[in-house]
Structure formats: structure tokens, C-alpha cells
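The values are calculated or read from the model by the stated rules, or taken from the named source; none is laboratory data. These numbers come from a predicted model, not from an experiment. A quick note on method: Cβ atoms are made from the backbone with ideal geometry, for glycine too, and the neighbour counts reach across all protein chains shown.
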Amino acid sequence: MIVAVDFAPGLHGHFLELVINKYIFGIPFKGEIFQSSGAVHAINTDSEYQAKKLAQRGHYSAFGYGYLPDAEKIIFIKHAPVFDIVLLTNIFYRCHPDSINATDFNVAEILAVHESIMAQDGNTEVDFRRNWCTKLTDRHFAVTERRPATNLPVLDFDFAAFFDLPNFCNELKRTSKFLNATFLFDESLIYLWQDFMQRNQGWQLYVQGQDLLTKTLSSVPAPIPNDWKLHAYLNHCLGKIFELYDGELHTSASYPVTTTQLLNIITQHIKDFDSRF
């Protein structure tokens, strides 16, 4: 049985392809898995694995590619919007057309490509912060919503499940039943998943952002790292909670360096909000 793993860029389709092949179809893999960026593109260089694999990943729905003629079932990675920042961050660190068929690839070169594209709308950290905040707030992720156009059976694999081991195993069990196969769990899957999570820049930024938001709202003093990506995510979240869409958080070259300073800005915004209309 040939199975298409259908996913938009940044949704961990390479990783899921490998896991389905190894832990559902029992196809061994002994080569390199992760590139320095955290991407699982290195599996594309293993000719033995490529010849044997039954799960075949591709941006089928996202880019309008046709499924392989012998594909019988579709595993569609369904994006979870709460993790937009994970998707956006991992695309930033990992996606480069020349990295797809390489054992490893220069992360700095990947970042330079994305920064050069963003720089067309401004090349300062304030511009980058605003760029990402806009992408998150206006949800520039339409490509992730493109559903499979097929009469073949489709299973939605929850993107959120990648970041929680019990849920990930549950989705794999559900996938194995859909494929009329057995979930071949063993402890090596735990080590693989842990490695995947340790390398996952998007997940780490999400967790960091959620922790800082919690400390800010709880009046717990803590430093805020100097990272425009993190600042963009904080601004996006504060916009949703407090309608805080303008002011110094969005325009100042400096960003609050502590949660106390950030809370003061939020408090002042709430105090002045009604007087602005």
C-alpha cells in the first residue's frame, strides 16, 4: 500500500513520513535524520530508505501537486491555528529549496534567504517584529487550509499532537488502524520524539512566549530576551487579549526588557483605551 503524507511547509511532514514508515510499516531506517536546522530533510539522501518506503510525503494539497498513481490512502496533517507561531518559526529556520536533498545545510543561509524576503518591507528589527505580528494576527496561512481534493480515504492527523507524546502515540495508533496495520511502538520512538522536540525552534519559542505571558499577567518579574520573533508573538497575543495593536510595543526600536515593564504598558493601555474613542 502506498500512502501519501499530505502537508503544507512547516508542518513536520518529513518527520511523520519517517515515523509512519518505521513504526507502522516496519521499514528500518539507520541513516542521518536531522539537519543542523532541525529539519528531517536528511532522510531524502538515504537511497535504501527511499526505495522501500510506503508512506510518501509531499506538499500535495498546498501546492496543487497530484498524488502518486498508486496511492491508496491519504494522511493529511491538519494545522492547529494555536500553533501558528510554531509553523512560522520552523519555516524561518528550516525551509530552503536547496536543503531538501542534502545531508546537512547551513542554517545561516536559510535565515538569510527569509530575512532578505522580509527586508523588502523594511530591514530593521522593528520591521521584522511588525512583519511577523501581522502574519500571525491576520493569519497569512491560507496554504495550510487547502484540503485534499480526492476521492481517496483521508485521515486528518492533528498537528498539535506532535508536541505531546501521549497524543502523538494516540494519533499514530489511529493512523495504524486507518492503514489496517499495527502500531509498532518501542522505546526508540521516545528517543526520536525527544530529539525532534529538542530541535524544534518553533515549539521552544511558543513555550517561552506562553511562560512570559503568564508571568506578565501574574505580575511575576522576569527578563524578556532580546528576540524580535518572541516580541512579535507577544504583541500578537496581547493584541488578541487587550486589543493592543499600536503604540511603543509596535513602533519603538527598544522592547520592554522585563515583564514588569510590559505589564505597565498593558495597564496604561487599558486605562486609556476608552478615552481614545
Residue that is surrounded by the most Cβ atoms within 10 Å (Cβ to Cβ) [pool: residues in region 80-110 that are touching a helix residue (DSSP H, G or I) at 6+ places or on another chain (Cβ under 6 Å) and of a type in the set (Val, Ile, Thr)]: 86
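With the requirement that a residue be among the small types (Gly, Ala, Ser) and in a loop (DSSP other than H, G, I, E, B), what does region 117-133 give you? Break it down stepwise before answering.
Step one: of region 117-133, the residues among the small types (Gly, Ala, Ser) are 119, 122.
Across region 117-133, the qualifying residue is only 122.
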So residue 171, is it over 26 Å from residue 56 (Cβ atoms), assigned by TED's automatic domain parsing to the domain that holds residue 75 and not β-branched (Val, Ile, Thr): no
Region 1-59, residues that are of a type in the set (Phe, Trp, Tyr), surrounded by fewer than 23 Cβ atoms within 10 Å (Cβ to Cβ) and in contact with a strand residue (DSSP E or B) (Cβ under 9 Å, 6 or more places away or on another chain): 25
Region 60-75, residues that are under 30 Å from residue 111 (Cβ atoms) and surrounded by fewer than 13 Cβ atoms within 10 Å (Cβ to Cβ): 63, 64, 65
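Out of all the residues in region 52-100, which are among the hydroxyl-bearing types (Ser, Thr, Tyr) and assigned by TED's automatic domain parsing to the domain that holds residue 131? Don't jump to the end; show me each part of the working.
Initial filter on region 52-100 (among the hydroxyl-bearing types (Ser, Thr, Tyr)): 60-61, 65, 67, 89, 93, 99.
Within region 52-100, 89, 93, 99 qualify.
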Qualifying positions in region 173-205 - in contact with a Ser or Thr (Cβ under 8 Å, 6 or more places away or on another chain) and of a type in the set (Ser, Thr, Tyr): 176, 182
Failed item, numbered, when residue 73 is tested on (1) in contact (Cβ under 8 Å) with a residue 12 or more places away in the chain; (2) under 28 Å from residue 178 (Cα atoms); (3) within 22 Å of the chain's Cα centre (by Cα): (3)
Selection within region 52-99 - at pLDDT below 95 and aliphatic (A, V, I, L, M): 68
Pairs where the first residue, in region 180-192, is closer than 14 Å to residue 55 by Cβ and the second is modelled with pLDDT of 95 or more and among the small types (Gly, Ala, Ser), C-beta under 9 Å, 6+ apart: 181/26; 183/176; 184/26; 184/176
Residue match in region 12-23 (condition: touching a helix residue (DSSP H, G or I) at 6+ places or on another chain (Cβ under 6 Å) and basic (Lys, Arg)): no
Filtered residue count, region 92-116, keeping only those that are part of a helix (DSSP H, G or I), in contact (Cβ under 8 Å) with a residue 24 or more places away in the chain and either charged (D, E, K, R) or within 24 Å of residue 50 (Cα to Cα) (or both): 2
Options 233, 245, 255: the member that is in the same structural domain as residue 212 (by TED's automatic domain parsing), part of a loop (DSSP other than H, G, I, E, B) and surrounded by 20 or more Cβ atoms within 10 Å (Cβ to Cβ): 255
Every residue from region 1-36 that is in a loop (DSSP other than H, G, I, E, B) and within 15 Å of residue 49 (Cβ to Cβ): 24, 25, 26, 27, 28, 29, 30, 31, 32, 33, 34
